[in-house]
Structures are given as C-alpha cells and as structure tokens.
Amino acid sequence: TAACDEIRNNYSRDLLKKQASPLPKGPTPIFIVGLPRSGSTLIEQILASHSHVEGTMELQNLPHLVRRIRIEGGKHKLNYPQSMEAFNQQELTAFGQKYLDSTALYRTDKAFFIDKLPPNFEHVGLIHMILPQAIIIDARRHPMDCGLSCYKQHFASGHDFSYDLQNIGHYYNSYLNIM
C-alpha cells in the first residue's frame, strides 16, 4: 500500500504534463495492465487477431527500463519515482526509445504491439511520460472473481500477494488507487 501510495503521490497532474518530445520512433505499444486472472490474455488474443497488431507476451522490458531509470535518477540524488521530475523531455524520449528498441526482438513490422504484463499498472505514469503515444488498457474483472481466481492459482513467481485473502484485498485496493 505504501509503495502504491508513493507512486500515486509522485505522478502529479503537473508532472504528467511533461512528456517525451519528440516522440520515440517505432510501432505503438499497447499495454494491457491490471491484476493477474483479470482477462488480460483474452484481451490480448482479441487485439492480436487484427492484422496490424502483434501479440507478444508478458514482456519484462519495462521493469528492466525502470531499473535503468533508478540508476539515472540516482545521479540526480533522487529515488524513483521522484526522479522523474529531474528528467527533461529529451531524456524521456531516450527512455521511450530504449524501451521500443529493446522490444524489437519480440516484434515484426506491425504498426502496434502488445505488452501484456499486468503489474505494469504500477508504471502507467512512467508509460505516459516516456511513450505518450502508447495505448493503455486496464483489464478489470469483478474483485471477488479476480481475487478468488488469484487465490486458487499457484503462480510460478512474482505474485506473492495472491496467497492470502487479506493481501489480495489490500493489493486490489492499491491497484485501484493507482488506476
């Protein structure tokens, strides 16, 4: 909850007005975010059936870029997400371009591609700043259905919140606060 509150408090309306300029060059990413078991795979499959949209997978490129941004922010003596205030438009463009370049391995020549990593909801402010042309789809399912589905699913890794019903409720509310 504290981490999500920090994200929400740092991405103010004024900060979100600062965006990459010029726009990064490449296809338009479509981010499908939300909680696991919320229907994001179905949304991806529907979108990827269009001839101009490339379905990829749950890409780790954005979390890797966040690590790089943490390092760059340290040069300004600021931690992420506070460090986003310190970057100018050209630096934001460079971050967006690094993301697009790093995803090239998973894409062909289509105009749009999907990055379906549900926890990227934590980075919607960052996405908005470095890839203002990106499309963000918030996949939602009724909280009781989504929570029960998460609780019953044994995830390989990365969803520690899902093994306790109270944690699921807190995580879901934190997710809603960010979105």
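The values are calculated or read from the model by the stated rules, or taken from the named source; none is laboratory data. Note that the structure is a prediction, hence the values are computed from the model and not measured. Heads up, the Cβs are rebuilt from the backbone with ideal geometry, glycines too, and the neighbour counts pull from every protein chain shown. For the accessible areas, the whole protein counts, side chains as well, though only heavy atoms, and no ligand, DNA or RNA atoms are used. Shrake-Rupley method; radii C 1.70, N 1.55, O 1.52, S 1.80 Å.
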Can you show me the helix-derived [θ] at 222 nm for the chain, built from DSSP H runs with n ≥ 4 at -39,500 (n - 2.57) apiece and divided by the number of residues, rounded to the nearest 500. -13500 deg cm²/dmol
For the chain, built as a Gaussian network whose Cα springs stay under 10 Å, the top-fluctuating residue of 74, 158, 34: 158
Any residue on another chain or 5+ positions along whose placed amide H is under 5 Å from the amide H of residue 137 is listed here as 31, 32, 33
Could you provide, to the nearest whole Å², the per residue accessible area of the stretch 1-149 with probe 1.4 Å? 51
Given +1 on the Cβ of Lys and Arg, -1 on the Cβ of Asp and Glu, and no further charges, what dipole in debye does the chain carry about its Cα centre, rounded to the nearest 20? 260
Per Stokes-Einstein, at 37 °C and 0.692 mPa s, what whole-number D in µm² s⁻¹ belongs to the stretch 49-179, with the Kirkwood radius over Cα pairs as the hydrodynamic radius? 198
Students often get this wrong: which residues of the stretch 80-109 have the backbone nitrogen under 14 Å from the point 7 angstrom along Cα-to-C-beta of residue 51? none
Pairwise FRET efficiency - residue 154 versus residue 64, Cβ, R0 = 25 Å, nearest 0.05: 0.45
Which percent of the accessible heavy-atom area of the chain goes to carbon and sulfur, probe 1.4 angstrom? 52
Scanning the chain for trypsin sites (Lys or Arg not before Pro) in DSSP loops with at most 12 other Cβ atoms within 10 Å, what's the longest stretch left with none? 78-179
